[in-house]
1. Take every residue in peptide A:40-52, count the Cβ atoms of other chains within 10 Å of its Cβ, and give the average of those counts.
2. List the extent of the Cα atoms of chain B along each of their three principal axes, largest first, rounded to whole Å.
3. For segment B:1-65, just say rounded, prolate or oblate: build the C-alpha gyration tensor, square-root its eigenvalues into a ≥ b ≥ c, call rounded for a/c under 1.5, and beyond that prolate if a/b exceeds b/c, oblate if not.
4. Counting C-alpha atoms alone, how compact is segment B:104-211: give Rg to one decimal and Dmax as a whole number, in angstrom.
5. Calculate I(q)/I(0) for the protein assembly as shown by the Debye formula, one identical point scatterer on each C-alpha and no solvent, and give its log10 at q = 0.10, 0.13, 0.16 Å⁻¹ to two decimals.
6. For segment B:177-211 and segment A:1-37, what is the separation of their Cα centres, given in Å?
7. Can you find, among B:F8, B:A60, B:I130, the residue farthest towards the positive end of the dipole of segment B:8-210? Put +1 on the C-beta of Lys and Arg, -1 on that of Asp and Glu.
8. Mean-square fluctuation check for chain B, GNM, Cα pairs under 10 Å: which of B:N108, B:N132, B:N98 is largest?
Amino acid sequence: MEELILKLKQEIIEVLNLEDVKPEDIDNDAPLFGEGLGLDSIDALELIVLMEKNYGIKLQDPAKGKEIFKSINVMADFIQKNRTR
Amino acid sequence: MESRGLDFVVLNQGFVSVNGRVLEHEAEGNALLSELYRGHIGDWPKFFKMDTLSKAGFVATELLLKEIGEPRCGSEEFIRSRAIVLFGSTASLCADRNYQETIQDKDNYYPSPALFVYTLPNIVTGEIAIRNHWRGESSFYVLETPDVEQMAFHLACAFQDNDTESILAGWVDSTMNDDFQAFMTVIRKEDVADVDRLAAQLQLIINDLNN
C-alpha cells in the first residue's frame, strides 16, 4: 500500500502540474480539495482520467469522486480494491 | 531611448524587458516563464496549470503592474472600469495541439480536461481578470499580424461604452510550448484621443518585441 500511495502522489503531482509540491508534502489524510492541495473541479476531472488511464477504473458516476478523492489514503484504498491494471 | 509614453513589458522565449530595461534571466522557452514567475511573482500556484499563451500573458501583466505600482485590488469603481483587450495571431493553436495529442490515438484516448479548458484564446484574459479581480470588458482579437492600426482602432472602440476607463492591452501569441511572444501595456482614455499617435506608440513597442 505504501508503494501505491507514493506512486499515486507522484502521478497526482505530475498530472495536476503541482510544480512546487513534493510527495512528502502531501499528508495522506489531508483533504485533496479545499484546504488541502487547493484543487479545483478541473483537477477532479483530471483525477478521474488518471484513475481510468493508469488503473483501469472507469468512474461511472463523477459525483462519487467527492468521496473517493477525500484524501490520498481513501483514494489509494479505492484504487487497491477496484483496479483492473 | 525615445519615450513611448506608455508603460510596457515585452517578452518572448529568450528576451524580457520592462519599459525598455532588459531583465536578466537564465532560462529560455517555457522555463523562462517559470523563472520569471518564481523570481517576480510567486503567489499564484495556478500559474503552473496554465497553457503557454496564458502563462505569457499572465507574466507580462504581472511585470507591468509591478512596474506601474498599481495595487492588486483597486476600488470597486476601478475594477469595474478596467477592461482587457488582447490580440494574437495563432489564438489557442498551441493548446489545441496539446489537447489533440490526448485524443489522437483511439487506443489511448484520454481527453485531458485540464488541457481542454485552454482551447480558447480568451482564457488568458480570464486568468488575468481573475488574478486582479477586474470585472470590465474583456476581448481577444485574432489578427493575422500585429497590425497597430487595427489594434488602436479596437482599443478606441472599447472606450465607447459608459464603463471603461482604462485597458490592459497587448499582443500575446504562442505557436509552440517553447515559442511565444507578448507585449503588455495599459491604455487610458486620453491615449485614444489620437488613434494615429497610439498606433505609432504600439509600433515602437512591437519593434522592441521583434528585436
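Bear in mind these aren't lab numbers, they're just calculated from the coordinates by the rules spelled out. Values in this document were obtained by computation on a predicted structure and should not be read as measured data. Cβ atoms come from the backbone with ideal geometry, glycine included; neighbour counts cover every protein chain shown.
1. 3
2. 58, 38, 34
3. It is prolate, given that a/c is not under 1.5 and a/b is the larger ratio.
4. Here Rg and the maximum Cα pair distance are 16.7, 58 Å.
5. Each listed q corresponds, in turn, to -0.61, -0.92, -1.22.
6. Cα centroid to Cα centroid, the span is 42 Å.
7. The residue sitting farthest along the positive end of the dipole is B:I130.
8. Sorting by GNM fluctuation, first place goes to B:N108.
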